[in-house]
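Structure first, commentary second.
No value in this document is a laboratory result; all are computed from the given coordinates. Owing to the predicted nature of the structure, the values given are computational and were not obtained by experimental measurement. Cβ: placed from backbone, ideal geometry, glycine included. Neighbour counts: every protein chain shown.
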Amino acid sequence: MTPNKRAAEPEDLRRSTRIKTNAQVSAQSSPDVNEPSLPADAGLANDRHFEEQYAMLADDESDEDVQPTRTGIGLGPDKDLSAQFFAEDRNPFANASFPNTTGQLSHEEMMIAMLLQDDDDAALVQGDENALFVQDDDDASVIQDDGDGDIQPLLSGIEFGSDMNLSGQAIPPAKPAAASELVGEAPGWGEDRTGIADTYAWFKIPQGGTYTSKGFFFGLLLGKNGGPRCYVDNDTIITRVGGGKNEYDKGVSRQTKDQTLEDSEVYSLFNSKANKVAIGVIIDRDNQNLTPPRTFLHKFSIMAEYRIVEAWREKLNGCKSFRMRLERVDLTVKPWFALKSSPDPKLLAQRNIQPNYQRCGACGVESFQVYALAWICLQHDCDKFWTLPDGSEPPVNMEFCKYFLSWRQPFDPEIQMKYSLIPSWPYNLTISDHPLAQHVKANWKPGIVCKVCKRAVSRCYWDGWRCKSTKTGEDYEGDCPGNFQFLVKMSELPLRAAITEQELAPVRRPVLFQDYTPLRKISIYDRHLRRPTWINDQACSPYRMVVYNLPGAGVVIRFVSNSEINGQPNGPGELYKQLQRDSDRLNLQRYPLDKAIAKGTLTSEFAANFGMPYDFSVKVPSTPFRDAPEPLRFILGRLKWATEQVYATYPNVGELAYLPNEVLLLAYIEGMAINYHDDGEETLGSNITSLSLGSKGDFSLRIKDKYFRGFTEGKGGKKLVLHPDDDPVLEGCANYEWRKELRDRYVNGEMGLDHYYETWLTKYQQSPIVATHKQVIIKFELHHGDMMSMQGAGIQKYYDHGATLDTKEHGPKLRFAITARHVLLTDENKDDWHMGLYDSTLVPEYDGK
Ligand SMILES: O=C(O)CCC(=O)C(=O)O
């Protein structure tokens, strides 16, 4: 998705740095003061009712779902993950000189003095038993009875943040307030970002601090530390407008490039502001920008709905970087995360306080004053941009100007979030008993908010949502006190609905290869697609055997099924039905990946393992073959037969003929896929054979990046060229010709290693730039009843593979991929050997017919 780019600077940005014509400038009385004023609608309509909306993911076409990946799992011996890798005060009461000099009345003192003197034309606007709200022509002020009868004048024009003292400074508490000292508990929380991303449609991204989609800004996550000049109190947030141009330094992101209006986070922010889109905010338990500090119960807590008040540019780490100021949409209530001891919210009539504005002498543009130290021009193309009055660069850390902090907006009923802050319940109306309604993305992709403990719960179970921790270790949150679950009965999806082609299976399938497509129509990724080396209808009749030879690595063999095979008793048609009927016994689940960029990432597909435990980057518990439901045993019989055919046909690949003792069942429904990965664990034999049932899958095999490019990327972009003995120079790899020639010369003793590396790098520099994609070599469809075998350790070492369901055609889908492997028997796994044992009484023999 490429969001529309804005051609011109947005109106919103211009409003934040108000531009005056020369005529306006000269007509202005001096000094040019913007009085704090009340808006016409202040104090009205402040009891906003938060209507819950349904957060329907199904209609969101954004492609920002990050597919869980098994990439990098199951790495073979080459285990190569790394390679993969302030201030002239503009207030009317303020002294015009800067800085305030000692001996002068402080700003606050002057304000109080004026307020107490100048009450002649003051009009009582509003009051309650504790507070009187007085308004005169100039100002909105407060006199408050603190309960003991002493009238405490508060600063005119200042809405104290509940956590500020009289001087507007943050009150530093001795230690963070405990969660029990807070007003309430989070309306939603998550123990990992994956759960949050699944559940909250306004933060559908498991990585990064902002969620934007289709040119709008929807959600923000406040991490542990937003870096310098970030601020969070009960009502406001001041933080950077994140973005991709950051690097991390000890957990704090650093701006490394200028941000511009073209950056998606930036234009999305201005779009959302202009369209009055409120955003949802999540906070990390360890956030260090909270004033005063406090602790939360959970790793990630949903804070509230916020409106975007302003965005402006500053300099951070030498780069122009956007910063934003957010305000809670509903200021009439204390947020749940406020301290119980904090004062109750003030009425809105008190809140329309403006920040101080000043016009820049250099560019004539007004900017508001953000920092207490001095007013600074925020017009990014002005010579005085981000410069203190004495011409110096502002320090990295500065206190915020109290008027900036106390600035509040009048309530605006038009400001709404696109998706409910907390998804309403029942949140997903698409869950129904109709058999065609359950095997769609909208029914598995969204997480739910637990009705008991409010945890964000991803769909981990075939039969629904169970509120259980997906994590172990120090962040472990434990299981739901109420064992909350929301279960659905997955009805059977008839084959006729899973397969959308006119025929469920043809009599015989051709092997499709786009030889005559004009080259320009073939994507660069497909240029090296291999034709099968052998197609044979006799060898394993009635299957069509299609073989792809991968020299130096192994073979990929397809057993292409047809209507005859699919209709056999206990054949693919029946097995597809039986697996669904036995689903209660299959214990199909989505499990967290051991190694994932976003902690808690779940496999996209549901999985269950049978036979020997298979140790890979997902911990899937195993059921011994003898306890496996019947269809699994029939399937094992078929996979065993196919494995035998492979060994019989290709006895020379130098591998021992290990028969399967482990079966992994994967179940995919619409929107699920298994990303590129290999099955190259050292604990496995080198044959992997699978059966496909139900909807069509698209299988691809590609050269791993390291072998495709011939080098790995070291620190600072250094190219670490592969040792020639570890570079098979696979057909289809980048720079194939010269790499092959060079390696041959090395192998033949014509050049030493140093000369080899030197020549390699010289040739590489002379060659066209190589993209970091990994070249797809083999691509085919896996239809209902097809089997497929990968034979040879080199295939797992040099290539990775993945499978997707049709992404172009939306609708219910169900595909089972059942993959058999041989787990090597060692002393260490001796106690598990019994799990993989079977004989013909347990596993019916299959003869291919
Ligand atoms: O869905 C498929 O056919 C592929 C399954 C797979 O790659 C695996 O189990 O490792």
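The string of couplings for segment 551-568 from the Karplus curve (6.51, -1.76, 1.60, θ = phi - 60°) is x, x, 10, x, 10, 10, 10, 9, 10, 7, 7, 7, 4, 4, 4, 5, x, 4 Hz, one whole number per residue in order, with x for Gly and Pro. Pairs from the table (Lys451/Lys619; Lys640/Lys706; Lys619/Lys704; Lys204/Lys299; Lys257/Lys299; Lys214/Lys719) lying more than 26 angstrom apart at Cα are Lys451/Lys619; Lys640/Lys706; Lys257/Lys299; Lys214/Lys719.
The packing ranking of peptides 789-801, 217-229, highest mean first, is 789-801, 217-229, where packing means the average number of other beta carbon atoms within 10 angstrom of each residue. R0 = 22 Å: FRET efficiency of Glu564 with Glu501, Cβ-based, nearest 0.05? So the FRET efficiency works out to roughly 0.85.
For segment 246-385, give me the percentage of DSSP beta bridges that are antiparallel, rounded to the nearest 5 percent. Approximately 95 percent, going by the DSSP bridge assignments. When Ser392, Ser469 are sorted by how many other C-beta atoms sit within 10 angstrom of their C-beta, beginning with the fewest, the order is Ser392, Ser469. As a proxy for reagent exposure, His434, His439 were ordered by neighbouring Cβ count within 10 angstrom, fewest first; the result is His434, His439. Taking amide H as placed 1.01 Å from N in the peptide plane, Asn661 has its amide H under 5 Å from the amide H of Arg821, His822, Val823, each at least 5 places away in sequence or on another chain.
Sequentially through segment 692-701, phi angles give Karplus couplings (6.51, -1.76, 1.60; θ = phi - 60°) of 10, 10, x, 4, 5, x, 10, 9, 9, 10 Hz, Gly and Pro residues having no value and appearing as x. Think of segment 288-446 as a dipole: +1 on every Lys or Arg Cβ, -1 on every Asp or Glu Cβ, centred on the Cα centre; then among Ser341, His298, Ser367, His298 lies furthest on the positive end. The relative contact order of segment 278-422, computed from alpha carbon pairs under 8 Å that lie at least 6 residues apart in sequence, is 21 percent. Take the Cα radius of gyration of segment 363-405 and divide it by 2.2 N^0.38 Å, N being the number of residues; the result is 1.10. Between the residues Gly752, Phe711, Gly732, the greatest Cα displacement towards the positive end of the dipole of segment 705-766, with unit charges on the Cβ of Lys, Arg, Asp and Glu, is found for Phe711.
Residue-wise HN-Hα couplings along segment 318-329, as the Karplus relation 6.51 cos²θ - 1.76 cosθ + 1.60 with θ = phi - 60° gives them from phi, are x, 10, 6, 9, 7, 10, 10, 10, 10, 9, 4, 5 Hz; Gly and Pro carry x.
Report the extension gain between Arg745 and Leu720 in nm, rounded to one decimal, defined as 0.36 nm multiplied by the number of residues separating them, less their alpha carbon distance.
That pair, Arg745 and Leu720, stretches by 7.0 nm at full extension.
Normalising by residue count, segment 334-377 has a Cα convex hull of 117 Å³ per residue.
In this rough spin-label picture, where each label sits 7 Å from Cα along the Cβ direction, the Trp425-Tyr736 distance is 5.9 nm. Both numbers refer to the Cα atoms of segment 691-849; Rg and Dmax are 21.6, 64 Å. Relative contact order of segment 683-750: 24 percent, from C-alpha pairs under 8 Å at least 6 residues apart in sequence. Solvent-free Debye calculation, one equal scatterer per alpha-carbon of segment 530-628: log10 I(q)/I(0) at 0.12 Å⁻¹ equals -0.69.
Taking the fewest neighbouring Cβ atoms within 10 Å as the starting point, the ordered list for Trp336, Trp760 is Trp336, Trp760.
For a distance above 20 Å, tell me the whole-number percent of Cα pairs in segment 705-766 that qualify. Tail fraction, whole percent: 17. Taking amide H atoms as placed 1.01 Å from N in the peptide plane, the amide H of Asp258 lies under 5 Å from those of Lys320, each 5 or more residues away in sequence or on another chain.
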